[in-house]
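The values are calculated or read from the model by the stated rules, or taken from the named source; none is laboratory data. Owing to the predicted nature of the structure, the values given are computational and were not obtained by experimental measurement. Every residue, glycine among them, receives a Cβ derived from its backbone with ideal geometry; neighbour counts consider all protein chains shown. Protein only, heavy atoms only, side chains kept; ligands, DNA and RNA dropped before computing areas. Shrake-Rupley method; radii C 1.70, N 1.55, O 1.52, S 1.80 Å.
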Amino acid sequence: MTGRTAVPEVIWARPERAGRGPRAAHSRADIAAAAVRIADADGLDAVSMRHVATELGCGTMSLYNYVPRKEDLYELMVDAISGEHEPWEPTGDWRADMLRVAHQTRALMHRHPWLPRLMSPVYGFSPNALRYLEHCLVCLDPLDASYGTKMELIAMLNGVVTTYVGNELATAERTRSLPWSAEQEQAMRIGYLGSRIATGAYPRMAAAFTQDAGPIDLEAVFERALGRVLDAFEPKG
């Protein structure tokens with residue numbers, strides 16, 4: 001296909017700048033920071049090679065000497081944000097430490113709302129991501145399990161956080177676009193749902209709402225979701 005090399009490349013295995021000429025004017029960190037600033041301000045769709053080049057004050061074509069593909073630019077961005085994870089001395093309580101990791105990841109995604117769209121195992125082995133994974137594995141040293149199982153735990157926990165935050169962000173975005181308040185929307189939908197339940201066509205739903213009429217504590221739901229993932233990895237016996 002046009003524009004694609006015959007063999008896959010990892011940007012981290014490439015020199016900082018391809019080609020000859022003067023010393024590189026920009027580092028990968030500079031480029032990633034510029035792309036992150038754009039995404040934070042205007043969303044991921046605003047990130048383009050042209051826009052990043054403008055932010056850096058260079059020509060678009062010269063940027064390709066540093067970053068050959070837009071996918072590589074995304075990888076630089078994910079790595080830059082991975083560097084915002086703050087490691088700490090593990091407590092010896094692997095559950096508590098992994099819960100702390102999960103909460104840190106959630107806060108990080110709220111600081112950079114575009115990040116859930118780029119969460120992919122493809123970007124999981126960049127320099128900062130490797131440091132993050134190593135820290136998680138240190139936190140999991142007290143857990144009697146294989147490294148494969150521990151990596152699975154980390155992946156599942158990240159999956160729960162990414163899905164949950166993605167839903168939070170989508171809900172917030174939808175609410176901002178409505179011509180009425182979130183409370184008005186909720187009241188209208190609860191009224192409609194109540195009218196459907198009252199028909200008698202949904203007896204189990206009626207029993208469920210009778211048992212727990214709400215409102216739903218979303219923070220408690222998040223904590224239970226994390227806890228249930230960790231429960232699955234508790235040693236048996």
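A few comments on the model shown:
Rundown of residues vs (1) of a type in the set (A, V, I, L, M, F, W, C); (2) within 17 Å of Pro87 (Cα to Cα), yes/no style:
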position	(1), (2)
Leu118	yes, no
Ala129	yes, yes
Glu134	no, yes
Leu137	yes, yes
Asp141	no, yes
Asp144	no, no
Gly148	no, no
Met151	yes, no
Ile154	yes, yes
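- Number of positions in region 22-59 that are among the hydroxyl-bearing types (Ser, Thr, Tyr) and part of a loop (DSSP other than H, G, I, E, B): 2
- Sole residue being closer than 30 Å to Asp231 by Cβ, open to solvent by 70 Å² or more (accessible area, probe 1.4 Å) and touching a residue at least 60 places away in the same chain (Cβ under 8 Å), chosen from Arg117, Arg100: Arg117
- Residue within region 5-20 that is in contact with a helix residue (DSSP H, G or I) (Cβ under 7 Å, 6 or more places away or on another chain), at pLDDT 90 or above and surrounded by 15 or more Cβ atoms within 10 Å (Cβ to Cβ) present: no
- If only residues of region 149-188 that are open to solvent by 90 Å² or more (accessible area, probe 1.4 Å) and of a type in the set (Asp, Glu) are counted, the one that is nearest to Leu99 (Cα to Cα) is Glu152.
- For region 64-123, the set of residues classified as among the acidic types (Asp, Glu) and part of a helix (DSSP H, G or I) consists of Glu71, Asp72, Glu75, Asp79, Asp97, listed by residue number.
- Here Cys136 fulfils each of the conditions (1) surrounded by fewer than 18 Cβ atoms within 10 Å (Cβ to Cβ); (2) part of a helix (DSSP H, G or I) apart from (1).
- Restricting attention to region 54-67, the residues being more than 24 Å from the chain's Cα centre (by Cα) and within 14 Å of Ala29 (Cα to Cα) number 4.
- Extreme residue, surrounded by the fewest Cβ atoms within 10 Å (Cβ to Cβ), among residues of region 37-95 that are aromatic (Phe, Trp, Tyr) and closer than 30 Å to Leu226 by Cα: Trp88
- Restricted to region 189-237, and to residues there that are part of a helix (DSSP H, G or I) and among the acidic types (Asp, Glu), the residue that is surrounded by the most Cβ atoms within 10 Å (Cβ to Cβ) is Glu223.
- Flag for Leu143 being surrounded by 15 or more Cβ atoms within 10 Å (Cβ to Cβ), in a loop (DSSP other than H, G, I, E, B) and not charged (D, E, K, R): yes
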